[in-house]
Amino acid sequence: MPEQEMTANMFLFTNASAATKIKAEARLVERICAGDEDAFGELYKMFAPLVHGVLLARVPFDEVDDLVQEVFISAYKNISNLREKNAVGAWLAMIARNRAAEFYRNARPTEELSEEICHYDRPLAEANEILTAIRALPESYRETLVLRLVEGMTGAEIAEQTNLTPESVRVNLHRGMKLLRQKLGIEEHK
């Protein structure tokens, strides 16, 4: 059986849209490696929410946008070294996690401004409180919650782009939400 036919048969056991998306991602990487700059723009649009969510779960809000750009600059420079072209989402998430760790290694101590100086409006203060609570959760829950609650990704999208199983994403979201409710003092309705 020819290799191409075997590959096509392997995808018969998966969701058809997931198989199409995986192939599209690999083709996109091939186009980028061939010098197609528009393809990198497409890659950015496809994976920017994933990278943003991974970073938002780890670093201060004000630093996220700059770090997203750094992740994609690094990806642009190194995409020709990517071995598994179907795993570009997981590769970008790994770069984002490494960039967040590097951010803290290079961070200089800062001093927080007092509440009187900041004059935050209530919704922003509440969002910061929730984000702080999410960041205090175990890492496996933190990332999936930010991708779901902040970036608006579905469980299936999170699974596809991070190479987690849909079951793992579902469990992480369920357990993470339960812990988040406890941290925020919200009672679960039964």
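Residues in the range 168-189: is at least one among the acidic types (D, E), surrounded by 15 or more Cβ atoms within 10 Å (Cβ to Cβ) and modelled with pLDDT under 90? Walk me through it before giving the result.
Pass one, the range 168-189, residues among the acidic types (D, E): 187-188.
Filter again for surrounded by 15 or more Cβ atoms within 10 Å (Cβ to Cβ), leaving none.
Among the residues of the range 168-189, not one is among the acidic types (D, E), surrounded by 15 or more Cβ atoms within 10 Å (Cβ to Cβ) and modelled with pLDDT under 90, which makes the answer no.
Condition check ((1) surrounded by 12 or more Cβ atoms within 10 Å (Cβ to Cβ); (2) at pLDDT 50 or above) across all residues:
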position	(1), (2)
M1	no, no
A16	no, no
I32	yes, yes
G35	no, yes
D38	no, yes
Y44	yes, yes
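Of all residues in the range 112-141, those that are over 19 Å from R97 (Cβ atoms) have Cβ atoms under 8 Å from Cβ atoms of residues that are modelled with pLDDT under 80, 6 or more apart or on another chain, in N128/Y120.
Residue-wise test of (1) exposed (fewer than 15 other Cβ atoms within 10 Å of the Cβ); (2) aromatic (F, W, Y); (3) at pLDDT 90 or above; (4) closer than 26 Å to C33 by Cβ.
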site	(1), (2), (3), (4)
H52	no, no, yes, yes
V68	no, no, yes, yes
N78	yes, no, yes, yes
A93	no, no, yes, yes
A101	yes, no, yes, no
P123	yes, no, no, no
T132	yes, no, no, no
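The values are calculated or read from the model by the stated rules, or taken from the named source; none is laboratory data. On a predicted model such as this, the values are computed, not experimentally measured, just so you know. Please note: Cβ atoms are built from the backbone with ideal geometry, for glycine as well, and neighbour counts cover all protein chains shown.
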